[in-house]
Amino acid sequence: MRRKVLWIAEVGCLGLLLAVSGLAADKVIFRLNWIPSGEGDLAFSYVAQELGYYKEEDLEVTIQIGSGSADAVALVDAGRVDIALAGFESIAVARARGAKVVIVACFHVNSPYTIWTRADTGIESIRDLAGRTIGAPPGDAQRVAFPAIARATGLDPDSVQWVNIHPGAKIQSLAAKVVDATVHFFDQMYLYEQAIGKDNLRYFRWADYGVNPYGLMFVVHEDTLKTRPNVIQRFLQASFRGVRWMILHPREAIEIMQRYVPEVEIIPVTSMLEQSIKYMLFDNSIMQYGLGWIDPARIKASIDLVNTYYELPRKLSPEELYTTALLPHVTWPYPTEFENPNYWPLPYEFRY
């Protein structure tokens, strides 16, 4: 009888321990691709944190400020972070070189890649870059994939001269006339206008010329995908709720991010976010399938670009690189949710 009582007591204690452990939130380390003061659309994660979206999904999320996509992917592969935001090419190249990483959602549905120049150079088209200098670091993703946009526009990619510059010196180098052009994300418009002058600034978005590889993506380790799929799904649910709120309230989203990252400047970073909402986060597939959707034809074209222009030990296939199985269905905001529905799909009339 005493044994039975002890057994019941032990079972009861075990049940209590399980119940208590069930109350503990799942911990997630989320790594950004870059610094929040340099990319306004990273505000979604701080919005999800501030408004309790992660908490509602029973998640305890630590947001790490990034230092580049390659670092973010390497940390995922090493198991030091659970989920990261990183550029498509960085993920694909790492996978081809042996990293056990998988894309689980899309963030930048349109490529942010842009060529920037000055009107005083006389460059009025991409073909006019022949014989000119372009500043970028040696491993810059746009520099590596430049032959794709060059051939699409009738430019011999070998006709340009690349100048090695620091990643943080692109705008300054163009403004100081050290180079004739540079390559950068399109959401940097405000900073280029401030440095070059609106009337003297010229730019060419890759997407406008039909070269539109995917941009930033959410990436996890294969093991995390196998052992914690529910955690990933809940994280994506909360994150895309943050994206949706950010789209509806751009300035307020940046103000929230500034509470966590004081060096964020409201005006320029809000401008970056507006650019991203209009040109990088939205396309028609989002309306049909929801935020985060990965289109099979688009990702195949993106992989083809990587297979063609990057030095890889092997060719990648779409099947190994991504899954949409864990995507939540979070929609782009509806017109009636905006203060002025006439501006839909934007929350208001952007300057650009």
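Rule-based calculations on the coordinates, nothing more; no lab input. These numbers were taken from a predicted model, which means no experiment stands behind them. All Cβ positions, even for glycine, are placed from backbone atoms using ideal geometry, and neighbour counts span all protein chains on display.
Take every Cα pair under 8 Å in the chain that's 6+ residues apart, average their separations, divide by the length, and report that relative contact order as a whole percent.
With pairs under 8 Å counted, the relative contact order is 25 percent.
Just to confirm the number: angle between the C-alpha axis of helix 229-248 and the first principal axis of the chain, 0 to 90 degrees, nearest 10?
Between helix and principal axis, roughly 50 degrees.
Counting DSSP beta bridges in the chain, what percent are antiparallel, to the nearest 5?
Close to 60 percent.
Viscosity 1.306 mPa s, temperature 10 °C: what is the translational diffusion coefficient of the chain from Stokes-Einstein with a Kirkwood Rh over Cα pairs, rounded to a whole number of µm²/s?
After rounding, the answer is 74 µm²/s.
Counting only Cα, what are the radius of gyration and maximum Cα-Cα distance Dmax of the range 97-243, in Å?
My reading of the Cα-based Rg and Dmax gives 18.2, 56 Å.
Expressed in nm to one decimal, what extension gain is obtained for the pair S159 and E263 from 0.36 nm per residue of sequence separation less their Cα-Cα distance? Intermediate results must be reported in sequence, preceding the final value.
On the way: separation 104, 0.36 × 104 = 37.44 nm, distance 4.03 nm.
Net length gain for the segment: 33.4 nm.
If you filter the range 121-216 for trypsin sites (Lys or Arg not before Pro), then keep DSSP loop positions with at most 13 other Cβ within 10 Å, what is left?
When the trypsin sites (Lys or Arg not before Pro) of the range 121-216 are filtered for loop state and at most 13 Cβ neighbours within 10 Å, K177 remain.
In whole Å, what is the distance between the alpha-carbon centres of the range 230-254 and the range 47-110?
The two parts, judged by their Cα centres, are 14 Å apart.
Under 18 Å from a point placed 7 Å out from the Cα of K226 along the Cα-to-Cβ direction: which residues of the range 100-125 have their backbone N that close?
The answer is 100-104, whose backbone nitrogens lie closer than 18 Å to the label point.
Just to be sure I understand the model, the point goes 7 Å from the Cα along the line to the Cβ. What's the resulting R127 to A169 distance in nm?
In this crude label model, R127 to A169 measures out at 3.4 nm.
As a check on your grasp of the helix formula, calculate [θ] at 222 nm for the chain: sum -39500 (n - 2.57) over DSSP H runs of n ≥ 4, divide by the residue count, round to the nearest 500.
-12500 deg cm²/dmol
Given labels modelled 7 Å from the Cα in the Cβ direction, how far is it in nm from N340 to I35?
3.5
Cross-link list K170/K315; K27/K278; K170/K198; K177/K198: which exceed 22 angstrom alpha carbon to alpha carbon?
Over 22 Å Cα-Cα: K170/K315; K27/K278.
Magnitude of the Cβ-charge dipole of the chain, K/R +1 and D/E -1, about the Cα centre, nearest 20 debye? Write down the numbers at each step before the final one.
Values: 33 positive and 40 negative charges, 195 e Å.
My answer is approximately 940 debye.
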